[in-house]
Amino acid sequence: MNAITAKSVETRLGKRFAALKAEGRAALVTFVTAGDPDAQTGLKILQGLPGAGADIIELGMPFSDPMADGPSIQASSQRALAAGMTMKQTLDQVRTFRTQDNDTPIVLMGYYNPVYFYGVEKFVADAKEAGVDGLIIVDLPPEEESELCLPALKGGINFIYLTAPTTDDKRLPRVLENASGFVYYVSITGVTGTASAAKADVDAAVSRIRRHTDLPVAVGFGITTPEGAADVASVADAAVVGSAIVNRVRDNLDEQGRAKPGLVDEVLNFTKKLADGVRKVKK
Amino acid sequence: MNKPNTFREGPDETGHFGIFGGQFVAETLMPLVHDVAEAYETAKNDPEFVKEKAYYLSQYVGRPSPLYLAQRLTDKLGGAKIYLKREDLNHTGAHKVNNTIGQILLAKRMGKTRIIAETGAGQHGVATATVCALFDIPCTIYMGTKDIERQAPNVFRMKMLGAEIKPVTVGSCSLKDAMNEAIRDWVSNVDTTYFLVGTAAGMHPFPMMVRDFQCVIGEEVREQIMEAEGRLPDTLVACIGGGSNAIGLFHPFLDDADVKIIGTEAAGKGLETGLHAASLTAGQPGVLHGNRMYLLQDEDGQIMEADSVSAGLDYPGIGPEHCWLHDIGRVEYVPVTDAEALDAFHTLTKLEGIIPALESSHAIAHAMKIAPDLPQDHIMVVNLSGRGDKDLNTVAATMGVEMGVNL
Ligand SMILES: Cc1ncc(COP(=O)(O)O)c(C=O)c1O
């Protein structure tokens, strides 16, 4: 790649990980779907997450066909779409969030088609302007890096790669070649929200990845409790929790699928418990 | 756009046909997808594999399938001479088995112990369950509940063959969603499982591999028509779901400039109603199920539900090689409505004593549309991709007949 290297892309992610390292603890990364269960409630959750202890926010871009997700996140995408969420509104929510918080990194996570349809160049420009720091696009492996990874780096946005138990030592360098921001280790072979990995396996996998990169390593898929988050925090640089948070949204809907009054508090209280778990672990 | 010297070279090493195709796959599956590609490269150059596949195609499937001159249909239309490539006479009743034989032999070579597949019409599910019975490998078939209902005979066949059927209740409850669920299963069972993709779409190498396995259709037609007519056909017609029966017929003829090639997509209740599956006519390039292809999508890049009376064509995308052939103009793609397909279904049944699959009826319908205006020495080959027994419930319903009650 000419001129730009992945390492030279500076965003809030780098600063946040550096600050946490100085603090001697791991990050809590929380996933919620933008506009779940509706735009207004989703925005309140988003705005409340840093206060509840989320160090980094993964914001899901709803998609009709989330192939790598289990039932919980599939349903959250469906709720958001049913409530009329669009890509433009997702970016607007980031923009609104940034009027109050200019430090918490936001990573947009999702699938390529809505981005491709929006237009890659326009998307990168609009996302950067809105205050997005990184992208995780599940169906864009390094084989397809020219689609969005390279344009994103050029536009000053980190492109975060997933690695999996199936990513062997031979393949890892290829995956890490243009990785930046952090590396996301998918700790199980499966969809989101279904199974959890054993701590020893996660430990071994994180060590293996560290032999290949200096980037912070986040671990996700299957973390559902404050204890689970603490376990991961003791071996990795970040613990990612998604389905378990999204399930708090699901559990606080009325019969028509509308947000019950306490929904936002329930989600944020649970986030706080996760954050307490992560913060207990000192390094 | 520059015309290539040959239309038969694709895909490139990364699985692209022009801008279409590719490997848009989650990291967990990426190593497995590379494994399949490598194993296939080795297998296709291995004389043992080629021999074994040829054996099963002839002795088990019953190939070659006849190229039958549909004289009464030809007479009735009063124009082009219409030949039917009788894929409906294959064991299991459709072209799908050409592909499942190839892939099950590959899965065996790879040491896989469990097979998964997606199915719409159930023909691919039946063809998969069949080869899994033959080779004693357990299989799980994903099928949307809407399709389970309208293709009940095939569901029962799969059960008899020992397959586990997993009903898919999300989204449109049809082929697209069955594909999503199969991918989710594959991610969750990476060590044991082979994903036996049923059409010429999905992540590379599947569009290429499925095409290669289906090319036996077009290769036979070349020989058979030379024998019958002493020359190549003027027109080929085939229906398109994901595109496997069509690409199998078309590919061996792509470089024969004088052969006009037409693919028919399902126009459902009519393009103007929005209830259709005409991805080329009404879709835009997008990325789903591992590849870039024309896709039916809304103004925000969300995939739309397709609609067709035929479960096998009820898919919002179309295989990448067809997308490319469409863009460069080598193949013409035309929409055919439910009503036109049903009319063709009845016509062929009455005139020739052949009950075609509703999918294949879309190809016949277009042949019926254009044949009358063509000269009598015009040779047309229509791919009769499958037989229609599976569709009798659906057809009965369109006639207001309840099976077993008011026959
Ligand atoms: C008889 C028949 N023809 C055609 C199709 C469409 O698939 P493809 O486009 O891959 O040939 C199907 C799919 O189920 C089928 O059963």
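If we count every other residue with Cβ under 12 angstrom of B:Q376's Cβ, Lys/Arg +1 and Asp/Glu -1, where does the sum land?
Residues near B:Q376 contribute -3 overall.
Taking a ≥ b ≥ c as the square roots of the eigenvalues of the Cα gyration tensor of region B:52-201, is the shape rounded (a/c under 1.5), prolate (a/b larger than b/c) or oblate?
oblate
Please list B:354-360, A:166-172, A:272-278 highest first by mean number of surrounding beta-carbon atoms within 10 Å per residue.
Averaged packing, sorted descending, gives the order B:354-360, A:272-278, A:166-172.
Quote the convex hull volume per residue of region A:6-279, based on C-alpha atoms, as a whole number of Å³.
Spelled out: Cα convex hull of region A:6-279, divided by residues, is 110 Å³.
How much of B:C139 can a 1.4 Å solvent probe reach, expressed as accessible area in Å² and rounded to 10?
Approximately 10 Å² of B:C139 is accessible to the 1.4 Å probe.
Between A:R208 and B:E272, how high is the FRET efficiency from 1/(1 + (r/R0)^6) when r is the Cβ-Cβ distance and R₀ = 51 Å? Nearest 0.05.
After rounding to 0.05, the efficiency reads 0.35.
Just by accessible area at a 1.4 angstrom probe, what is the order of B:Y55, B:Y68, A:Y184 from largest to smallest?
Heavy-atom accessible area, descending, gives B:Y55, B:Y68, A:Y184.
Largest first and to the nearest Å, give the Cα extent of region B:94-135 along each principal axis.
Here the Cα extents, ordered largest to smallest, are 29, 16, 14 Å.
If the viscosity is 1.567 mPa s and the temperature 4 °C, what Stokes-Einstein diffusion coefficient in µm²/s follows for region A:108-211 when Rh is the Kirkwood radius over Cα pairs?
89
With an 8 Å Cα cut-off and a minimum separation of 6 or more residues, compute the relative contact order for region A:6-279 in percent.
Value for region A:6-279: 24 percent.
Can you compute the FRET efficiency between B:T349 and B:D255 using 1/(1 + (r/R0)^6), with r the Cβ-Cβ distance and R0 = 30 Å? Round to the nearest 0.05.
So, using R0 = 30 Å, E works out to roughly 0.25.
Would you compute the Debye intensity of region B:318-383 from its alpha-carbon atoms alone, equal scatterers and no solvent, and pass along log10 I(q)/I(0) at q = 0.14, 0.25, 0.27, 0.28 Å⁻¹ to two decimals?
The computed values of log10 I(q)/I(0) come out as -0.50, -1.11, -1.16, -1.18.
Can you give the average number of partner chain beta-carbon atoms within 10 Å of each beta-carbon in peptide B:181-187, as a whole number?
5
How much net charge surrounds A:T104 when only other residues with a Cβ under 12 Å from its Cβ are counted (Lys, Arg +1; Asp, Glu -1)?
-1
Mind checking the mean number of beta-carbon atoms from other chains within 10 Å of the Cβ atoms in A:113-122?
Average per residue, whole number: 4.
Across the residues of B:276-287, average count of Cβ atoms on other protein chains within 10 Å?
Shielding by partners across B:276-287 averages 2.
Looking only at Cα atoms, what is the convex hull volume of the protein assembly as shown per residue, in Å³?
Hull volume over Cα atoms, normalised by residue count, gives 157 Å³.
Considering every pair of different Cα atoms, what Kirkwood radius, in Å, is found for region A:91-156?
It is 12.2 Å.
When the Cα centres of region B:188-237 and region B:12-36 are compared, how far apart do they sit, in Å?
Answer, in whole Å: 19.
Apply 1/(1 + (r/R0)^6) to the Cβ-Cβ distance of B:R8 and B:F156, taking R0 = 41 Å, and write down the FRET efficiency to the nearest 0.05.
With a Förster radius of 41 Å, E is 0.55.
At 222 nm, what value in deg cm²/dmol follows for the protein assembly as shown if DSSP H runs of at least 4 each add -39500 (n - 2.57) and the sum is divided by all its residues, to the nearest 500?
-12500 deg cm²/dmol
Which three lengths, in whole Å and largest first, does chain B cover when its Cα atoms are put on their principal axes?
Taking the Cα atoms of chain B, the three principal extents are 57, 56, 49 Å.
B:A133 versus B:I328, label points 7 Å from Cα toward the beta carbon: distance in nm?
Result: 4.2 nm between the two label points.
Quick one: net charge around A:K7, please, counting Lys, Arg +1 and Asp, Glu -1 for every other residue with C-beta under 13 Å from its C-beta.
-3
What Kirkwood hydrodynamic radius do you get for region A:28-166 when you take the inverse of the mean 1/r over all pairs of distinct Cα atoms, in Å?
15.0
The values are calculated or read from the model by the stated rules, or taken from the named source; none is laboratory data. As the structure is a prediction and not an experimental result, all values here were calculated from the model. FYI the Cβ positions are ideal-geometry reconstructions off the backbone, even for glycines, and counts take in every protein chain you see. Side chains are part of the model used for accessible areas, which takes the heavy atoms of the whole protein and leaves out ligands, DNA and RNA. Shrake-Rupley method; radii C 1.70, N 1.55, O 1.52, S 1.80 Å.
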